[in-house]
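Let me begin by presenting the structure, written as structure tokens, before commenting on it.
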Amino acid sequence: MDFMQELGIKEKNFGASTGIEWNDTTDQGELKIVSPVDGKYIASVYLASEEDYDKLVARGVEAFKQWKVVPAPKRGEIVRQIGLQLRRYKDALGALVSYEMGKSLQEGKGEVQEMIDICDFAVGQSRQLYGSTMVSEREQHRMYDQYHPLGIVGTITAFNFPVAVWSWNTMIATVCGDTNLWKPSSKVPLTAIAVQNILAEVIKANDLPEGLFSLIIGRGSSVGEKLLNDKRVPLISITGSTEVGRRGAQIIAKRFGKSILELGGNNAIILTPNADLKVALPAIVFGAVGTAGQRCTSTRRLIIHESIYDKIKETIVKAYSGLKIGDPLDENNHVGPLIDTIAVGEFKRALERAEDEGGSVICGGEVLEGEGYESGCYVNPAVVEAENSYEIVQEETFAPILYLIKYRGDVENAIELHNCVVQGLSSAIFTQNLLEAEEFLSAAGSDCGIANVNIGTSGAEIGGAFGGEKETGGGRESGSDAWKAYMRRQTNTINYGRTLPLAQGIKFDI
């Protein structure tokens, strides 16, 4: 395919890069990547070794010594150039994201646009790494806080956003003065290699230090464990399941490292009787079936007032009947494949469990077969009538399953159902009633890190801090003041007087 050649993807690729050099390790096994779109072999990657990992980290440590003293606006200039290169390769990289991962071509290109947007944001941020000045209680003293570069930032990404999440972390970390080490999902390593090739052009053109942007593709049991336990990596951002994040956070905390966790979501939309259904319907459907339900912000639960429940159910079933499912590179299709047949199995088991608990599948749920579906990864998105208390509803199934849940009474009852899950990422309410909207956004409302009114749960602008609460993990990425996580904070006090007054009025004469 033309986009593979344009991005420098070979039939066989190496699994570790310092940004300038690639390793030549071939004895750790070989990942053979098959597209969920058509079941065809794409290319392979030789897994990196623990020795490769140590080489990358050593280079990252040395690069940090140089990079941390570069003025932040000059670091921002490098990120600006990366954004320009991403614009150049947007179509090719978007196509590879779509083909390797399975999301629609529009979403693939949109993911690359997120990378471009965060580059633009980070360039501006490079001139806004602000501290604060505080009033000292001591005469002739000035007190302020400032932020310094942290070190190597490790980023562990998941398959569903193979490049965007890396950029949220890495572009901000770069302007903050950090070096970067990326461990992508083994399900989608080719997109990471493509990004590394794009970065290489900027690295070489600016004679940047080797190890500023490093990539390692290897086993979690070897290089993954070394990364989690490595004191030379002060911050690791982990995107993945709650189980992965819980274990990773424990290991990192044990060595007093820092972590940013973007884990599971069980996102809900509340529909009150005051909702504008013309606005709500596309948000519901896209939230539930976009990326084949494989977003951490995908809409899993629809909490509907009993007075409009039957109407909403009928409308959603009708909308689902018009979904076009097939090759995501065909922009006429709405829904592409799941990432692999393992995910298909989880989809089927979730529906079986929902029915066993008393739920009813009212739409979809089939695994699709025949021409165009040879990979075995295509399913018909499902709609299920359920109760919020079902065990399966309390879990996150990374697949296009939408649970319809009825509520009675006031919006407070809907909010109680909404919050009664262990995850806390994204949430939304559709209402034209100001009181209901404000209640949802108040301290008594949604307990999620993201709460929206009259827009869906899925998708987020890079200008806002992204992240969740409860078992979603904690920490924030991308915009707002999320940059502070990638730096170490320091409080400074300067005595410009001729005496030494002590804080709290303590007297100590010698």
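Could you tell me whether the stretch 27-34 includes any residue that is part of a loop (DSSP other than H, G, I, E, B) and either in contact (Cβ under 8 Å) with a residue 24 or more places away in the chain or in contact with a helix residue (DSSP H, G or I) (Cβ under 9 Å, 6 or more places away or on another chain) (or both)?
Checked against the condition, which is being part of a loop (DSSP other than H, G, I, E, B) and either in contact (Cβ under 8 Å) with a residue 24 or more places away in the chain or in contact with a helix residue (DSSP H, G or I) (Cβ under 9 Å, 6 or more places away or on another chain) (or both), the stretch 27-34 yields at least one hit.
If you take just the strands (runs of 3 or more DSSP E) that sit entirely in the stretch 396-510, which of them hold at least 3 residues that are surrounded by 13 or more Cβ atoms within 10 Å (Cβ to Cβ) and within 21 Å of the chain's Cα centre (by Cα)?
426-430, 450-453
Provide a single number: the residues in the stretch 51-77 that are open to solvent by 80 Å² or more (accessible area, probe 1.4 Å), closer than 22 Å to Gly131 by Cα and either assigned to a helix (DSSP H, G or I) or in contact with a strand residue (DSSP E or B) (Cβ under 6 Å, 6 or more places away or on another chain) (or both).
Within the stretch 51-77, residues that are open to solvent by 80 Å² or more (accessible area, probe 1.4 Å), closer than 22 Å to Gly131 by Cα and either assigned to a helix (DSSP H, G or I) or in contact with a strand residue (DSSP E or B) (Cβ under 6 Å, 6 or more places away or on another chain) (or both) number 2.
Please find, among Ile33, Ile78, the residue that is at pLDDT 95 or above, under 24 Å from the mean Cα position of the chain (by Cα), under 21 Å from Thr174 (Cβ atoms) and aliphatic (A, V, I, L, M). Can you show your working first?
On the way: Ile33 fails: under 21 Å from Thr174 (Cβ atoms).
Exactly one residue qualifies, and that residue is Ile78.
Can you give me the number of residues within the stretch 341-358 that are open to solvent by 30 Å² or more (accessible area, probe 1.4 Å) and either in contact (Cβ under 8 Å) with a residue 40 or more places away in the chain or in a helix (DSSP H, G or I) (or both)?
Going through the stretch 341-358 one residue at a time, the tally reaches 9.
Could you check, for the stretch 267-278, whether at least one of its residues is open to solvent by less than 60 Å² (accessible area, probe 1.4 Å), in contact (Cβ under 8 Å) with a residue 24 or more places away in the chain, in contact with a His (Cβ under 8 Å, 6 or more places away or on another chain) and over 21 Å from Ala399 (Cα atoms)?
Looking through the stretch 267-278, at least one residue is open to solvent by less than 60 Å² (accessible area, probe 1.4 Å), in contact (Cβ under 8 Å) with a residue 24 or more places away in the chain, in contact with a His (Cβ under 8 Å, 6 or more places away or on another chain) and over 21 Å from Ala399 (Cα atoms).
Search the stretch 8-38 for residues being open to solvent by less than 20 Å² (accessible area, probe 1.4 Å) and out of contact with any strand residue (DSSP E or B) (no Cβ under 7 Å at 6 or more places or on another chain), and hand back the single one that is farthest from Gly372 (Cα to Cα).
Among residues in the stretch 8-38 that are open to solvent by less than 20 Å² (accessible area, probe 1.4 Å) and out of contact with any strand residue (DSSP E or B) (no Cβ under 7 Å at 6 or more places or on another chain), the one farthest from Gly372 (Cα to Cα) is Pro36.
If you go through the stretch 175-201 one residue at a time, how many are open to solvent by 10 Å² or more (accessible area, probe 1.4 Å) and either assigned to a helix (DSSP H, G or I) or polar (S, T, N, Q) (or both)?
5
Name the pairs: first residue in the stretch 458-469 and in contact (Cβ under 8 Å) with a residue 40 or more places away in the chain, second residue open to solvent by 40 Å² or more (accessible area, probe 1.4 Å) and not in a strand (DSSP E or B), Cβ to Cβ under 6 Å, at least 6 apart or on different chains?
As it stands, the answer is Ile462/Asp117; Ile462/Phe121; Phe466/Ala460; Gly467/Arg476, since those pairs meet every condition given.
Among the residues of the stretch 89-103, which ones are in a helix (DSSP H, G or I) and touching a residue at least 60 places away in the same chain (Cβ under 8 Å)?
Asp91, Ala92, Leu93, Ala95, Leu96, Val97, Ser98, Tyr99, Glu100, Met101
Scanning for something on the phi < 0 side of the Ramachandran plot, surrounded by fewer than 18 Cβ atoms within 10 Å (Cβ to Cβ) and outside any strand (DSSP E or B), does the stretch 140-148 turn up at least one residue?
No, that holds for no residue.
Go through the residues of the stretch 359-375 one by one and say whether even a single one is over 25 Å from the mean Cα position of the chain (by Cα), surrounded by fewer than 17 Cβ atoms within 10 Å (Cβ to Cβ) and touching a residue at least 60 places away in the same chain (Cβ under 8 Å).
yes
Could you list, in sequence order, all residues of the stretch 225-235 that are in contact with a helix residue (DSSP H, G or I) (Cβ under 9 Å, 6 or more places away or on another chain) and either open to solvent by less than 10 Å² (accessible area, probe 1.4 Å) or within 21 Å of Cys176 (Cβ to Cβ) (or both)?
Leu227, Asp230, Arg232, Val233, Leu235
Quickly run through the stretch 281-338 and pick out the residues that are of a type outside the set (A, V, I, L, M), open to solvent by less than 30 Å² (accessible area, probe 1.4 Å) and in a helix (DSSP H, G or I).
Once the filter is applied, which keeps residues that are of a type outside the set (A, V, I, L, M), open to solvent by less than 30 Å² (accessible area, probe 1.4 Å) and in a helix (DSSP H, G or I), the stretch 281-338 yields Gly287, Gly290, Thr291, Gly293, Tyr309, Tyr320.
The values are calculated or read from the model by the stated rules, or taken from the named source; none is laboratory data. Nothing here was measured: the structure is a model prediction, and the numbers come from that model. Positions of Cβ are backbone-derived with ideal geometry, glycine not excepted, and every protein chain shown enters the neighbour counts. Surface areas here come from the heavy atoms of the whole protein model, side chains and all, with no ligands, DNA or RNA. Shrake-Rupley method; radii C 1.70, N 1.55, O 1.52, S 1.80 Å.
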